[in-house]
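Below is one structure, written out as structure tokens; comments come after it.
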């Protein structure tokens with residue numbers, strides 16, 4: 001086992017991103033994806049080295065070796081440029097894994113109490129393995145624009161040269177993926193259920209997991225009118241929405257082809273937009289399927305927590321091996337495990353050492369020796385980023401760093417985050433616009449802004465550090481900037 005406490009400068013880890021409303025178990029699925037031999041080979045880094053996930057409650061800071069991350073990013077960009085990136089095969093493998101995950105979940109949904117513990121261990125172990133592989137295939141999408149931008153400036157350069165007007169809307173259209181996702185299928189089936197006057201229990205049994213995120217809420221009948229206002233309350237509205245959804249992909253593809261010709265794009269320029277579409281689809285698809293598997297994990301945890309009389313967070317902050325041990329009769333010190341939630345560091349470097357969890361003095365020693373401290377940003381009235389969805393909005397800033405910050409977001413606010421995740425959707429639906437420090441046109445914020453049709457500027461690098469709660473800002477997503485204004 002390597003020395004994880006070495007204070008050598010070359011072994012320092014940099015903060016990559018933050019996530020809110022997550023658990024140790026669900027995050028562990030994601031971080032196991034980073035040590036995939038396939039991903040290391042594609043990115044030609046061999047290994048991404050040590051990763052560290054620092055938990056404070058249900059919020060997590062993710063640290064990684066920046067040097068290796070940049071090497072991987074550069075290699076993904078080089079292969080994207082040359083046409084060697086195995087993007088199509090990554091999508092194909094992701095679709096297969098997604099089908100395996102969803103079919104396994106639906107086959108066993110609601111059966112946690114009936115299945116033998118040994119059977120449940122086999123199921124969650126298989127699902128964990130599928131999800132881990134899904135992450136490894138999906139990570140080439142964010143690596144294209146992270147930790148440095150690649151796709152975004154290339155698209156901007158093409159738009160500047162070839163599109164004389166309405167650039168934001170044109171860019172949005174040309175980067176929108178047309179491949180069908182599970183959420184598209186769900187909307188189609190919901191429209192038909194509403195049109196048929198069904199009670200929706202069958203639909204909910206199949207799609208209970210949509211937008212669950214890491215530790216969210218399963219869908220209920222009462223939530224549907226707010227989530228799908230275009231479909232409710234009448235059959236006529238459902239029919240109109242069904243026709244729109246069924247024709248949307250073909251209409252978008254047709255308009256894209258017309259614009260490729262109309263703007264006079266050559267094959268290399270056209271390929272930049274096609275790459276962006278595929279990257280966006282791959283990232284969105286992974287996030288959807290992870291919601292499915294996470295919802296099932298949480299269902300199992302609820303069942304066994306009730307059966308054992310345990311706090312569910314014992315399961316949520318345990319490793320896969322530990323959870324499997326609990327199900328078949330293993331015991332644990334609940335107090336020790338529950339302390340992981342408030343302050344622990346989960347380290348993963350290689351398959352042999354496995355997942356190592358540090359607490360107390362060990363966690364503090366690792367934090368001091370291995371984690372780089374962020375540099376404070378300077379105040380500025382103008383913050384620049386990249387347009388994810390066009391529009392201009394004026395509103396009050398609400399900084400969302402932790403899950404508890406969602407409570408302060410009100411209708412019309414400007415939600416400012418390091419990056420967004422599915423757990424932030426309730427706040428995003430209230431906000432008038434989104435601003436993020438990191439992320440490109442394939443980021444979660446960009447994807448959601450398209451769906452909600454709300455102005456969004458991504459990749460500002462420091463908005464969460466420059467702005468503060470209550471600041472009045474003008475978000476000009478048409479031109480990719482945020483201007484601090486007098487209240």
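Give 149, 189, 180 a once-over and let me know the one that is in a loop (DSSP other than H, G, I, E, B) and either surrounded by fewer than 19 Cβ atoms within 10 Å (Cβ to Cβ) or over 18 Å from the mean Cα position of the chain (by Cα) (or both).
Values: 149 fails: either surrounded by fewer than 19 Cβ atoms within 10 Å (Cβ to Cβ) or over 18 Å from the mean Cα position of the chain (by Cα) (or both); 189 fails: in a loop (DSSP other than H, G, I, E, B).
Testing whether each residue is in a loop (DSSP other than H, G, I, E, B) and either surrounded by fewer than 19 Cβ atoms within 10 Å (Cβ to Cβ) or over 18 Å from the mean Cα position of the chain (by Cα) (or both) leaves just 180.
Looking only at the range 222-237, count how many residues are assigned to a helix (DSSP H, G or I) and under 29 Å from the mean Cα position of the chain (by Cα). Spell out how you get there, then give the answer.
Restricting attention to the range 222-237, the residues satisfying the condition of being assigned to a helix (DSSP H, G or I) are 222-227, 235-237.
From what is left, the residues that are under 29 Å from the mean Cα position of the chain (by Cα) are 222-227.
Residues in the range 222-237 being assigned to a helix (DSSP H, G or I) and under 29 Å from the mean Cα position of the chain (by Cα): 6 in total.
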Confirm whether residue 347 is outside any loop (DSSP other than H, G, I, E, B), more than 23 Å from the chain's Cα centre (by Cα), assigned by TED's automatic domain parsing to the domain that holds residue 39 and crowded, with 19+ Cβ neighbours inside 10 Å. no
So in the range 65-108, with the set limited to residues that are buried (at least 21 other Cβ atoms within 10 Å of the Cβ) and outside any helix (DSSP H, G or I), which one is modelled with the lowest pLDDT? 65
Just to be sure I understand the filter: pairs with C-beta atoms under 6 Å, separated by 6 or more residues or on different chains, first member in the range 109-131 and assigned by TED's automatic domain parsing to the domain that holds residue 32 and surrounded by fewer than 16 Cβ atoms within 10 Å (Cβ to Cβ), second member at pLDDT 95 or above and in a helix (DSSP H, G or I). Which pairs pass? 113/303; 117/327
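For the range 404-420, how many residues are surrounded by fewer than 20 Cβ atoms within 10 Å (Cβ to Cβ) and in contact with a strand residue (DSSP E or B) (Cβ under 6 Å, 6 or more places away or on another chain)? Quick ask: steps written out before the conclusion?
Within the range 404-420, the first condition is being surrounded by fewer than 20 Cβ atoms within 10 Å (Cβ to Cβ), and the residues that meet it are 404-408, 410-412.
Still in the list and also in contact with a strand residue (DSSP E or B) (Cβ under 6 Å, 6 or more places away or on another chain): 408, 412.
Qualifying residue count, the range 404-420: 2.
Listed residues 270, 243; which is surrounded by 17 or more Cβ atoms within 10 Å (Cβ to Cβ) and either over 27 Å from the mean Cα position of the chain (by Cα) or farther than 30 Å from residue 191 by Cβ (or both)? Let's see the steps before the verdict.
On the way: 243 fails: surrounded by 17 or more Cβ atoms within 10 Å (Cβ to Cβ).
It is 270.
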Can you find a residue that is at pLDDT 95 or above, outside any strand (DSSP E or B) and crowded, with 17+ Cβ neighbours inside 10 Å anywhere in the range 327-337? yes
Which residues, taken from the range 310-329, are without any contact (Cβ under 8 Å) to a residue 24 or more places away in the chain and either within 11 Å of residue 24 (Cβ to Cβ) or in contact with a helix residue (DSSP H, G or I) (Cβ under 8 Å, 6 or more places away or on another chain) (or both)? 312, 322, 326
Exactly one condition in (1) over 22 Å from residue 214 (Cβ atoms); (2) touching a helix residue (DSSP H, G or I) at 6+ places or on another chain (Cβ under 9 Å); (3) at pLDDT 95 or above is false for residue 154; which is it? (3)
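Is there a residue in the range 352-365 that is within 25 Å of the chain's Cα centre (by Cα), assigned by TED's automatic domain parsing to the domain that holds residue 105, surrounded by 17 or more Cβ atoms within 10 Å (Cβ to Cβ) and part of a helix (DSSP H, G or I)?
Taking the range 352-365 first, the residues within 25 Å of the chain's Cα centre (by Cα) are 354-357.
Remaining after also requiring assigned by TED's automatic domain parsing to the domain that holds residue 105: 354-357.
From what is left, the residues that are surrounded by 17 or more Cβ atoms within 10 Å (Cβ to Cβ) are 355-357.
If we keep only those that are part of a helix (DSSP H, G or I) too, we end up with none.
No, the conditions are met nowhere in the range 352-365.
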Being farther than 20 Å from residue 274 by Cβ, modelled with pLDDT of 95 or more and outside any helix (DSSP H, G or I) narrows 111, 133 down to just 111
Failed condition for residue 97, given (1) under 21 Å from the mean Cα position of the chain (by Cα); (2) on the phi > 0 side of the Ramachandran plot, with all others met? (2)
Restricting to the range 45-59, give me the number of residues that are part of a loop (DSSP other than H, G, I, E, B) and under 19 Å from residue 35 (Cβ atoms). 6
From the list 349, 353, 362, exactly one residue is out of contact with any helix residue (DSSP H, G or I) (no Cβ under 9 Å at 6 or more places or on another chain) and closer than 28 Å to residue 122 by Cα. Which is it? 353
Hey, does the range 394-415 have a residue that's at pLDDT below 95, under 23 Å from residue 273 (Cβ atoms) and out of contact with any helix residue (DSSP H, G or I) (no Cβ under 7 Å at 6 or more places or on another chain)? no
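The values are calculated or read from the model by the stated rules, or taken from the named source; none is laboratory data. Bear in mind the structure is a predicted one, so any value in this text is a computation, not a measurement. With ideal geometry, Cβ positions are generated from the backbone for all residues, glycine too; neighbour counts draw on all protein chains shown.
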